[in-house]
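To start, the structure under review is shown below, and the notes come after it.
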Amino acid sequence: AARSTLSWGSGQTSLSPCQFLRRQQVLQLYRKILRAIREVPAEQDRRYLKDWAREEFRRNKDATEEDAIRMMITQGNMQLQELQRTLKLAKS
């Protein structure tokens with residue numbers, strides 16, 4: 001199968017069904033992370049985490065290798081779970 005170069009943000013490149021689903025997963029993860037960050041009590045920490053998340057996603061936006069993208073999604077989900085656990089502990 002021919003590999004197409006895709007740009008996540010432009011919307012100009014047609015995505016294969018697999019690439020479309022992967023893009024949806026990435027966007028969903030990004031939204032979940034930002035939602036979790038909103039729960040952080042200290043504004044300075046919120047700002048730091050928001051900048052960190054934005055930079056991580058921006059730095060990896062041109063990734064095209066399927067295995068690397070899958071690995072980044074897995075790492076992102078683990079970091080999200082860790083943040084959610086920390087927030088839960090802080091509230092109790």
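The values are calculated or read from the model by the stated rules, or taken from the named source; none is laboratory data. Everything numeric here is computed off the predicted structure, so don't read it as measured data. Cβ coordinates were reconstructed from backbone atoms using ideal geometry, including for glycine residues, and neighbour counts include every protein chain displayed. The protein model used for the area step is the full one, side chains on, heavy atoms only, and it has no ligands, DNA or RNA in it. Shrake-Rupley method; radii C 1.70, N 1.55, O 1.52, S 1.80 Å.
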- Item | Scan of region 59-84 for residues that are in a helix (DSSP H, G or I), among the polar types (S, T, N, Q) and over 22 Å from P41 (Cβ atoms), ordered by number | T74, Q75, N77
- Query: So which residues in region 59-74 are open to solvent by 50 Å² or more (accessible area, probe 1.4 Å) and more than 9 Å from the chain's Cα centre (by Cα)?
  - Reply: R59, N60, K61, D62, T64, E65, D67, R70, M71, T74
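Table: residues versus (1) modelled with pLDDT under 90; (2) touching an Asp or Glu at 6+ places or on another chain (Cβ under 7 Å); (3) not acidic (D, E).
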| position | (1), (2), (3) |
| --- | --- |
| L15 | yes, no, yes |
| V26 | no, no, yes |
| K32 | no, no, yes |
| I37 | no, no, yes |
| Q44 | no, no, yes |
| Y48 | no, no, yes |
| E65 | no, no, no |
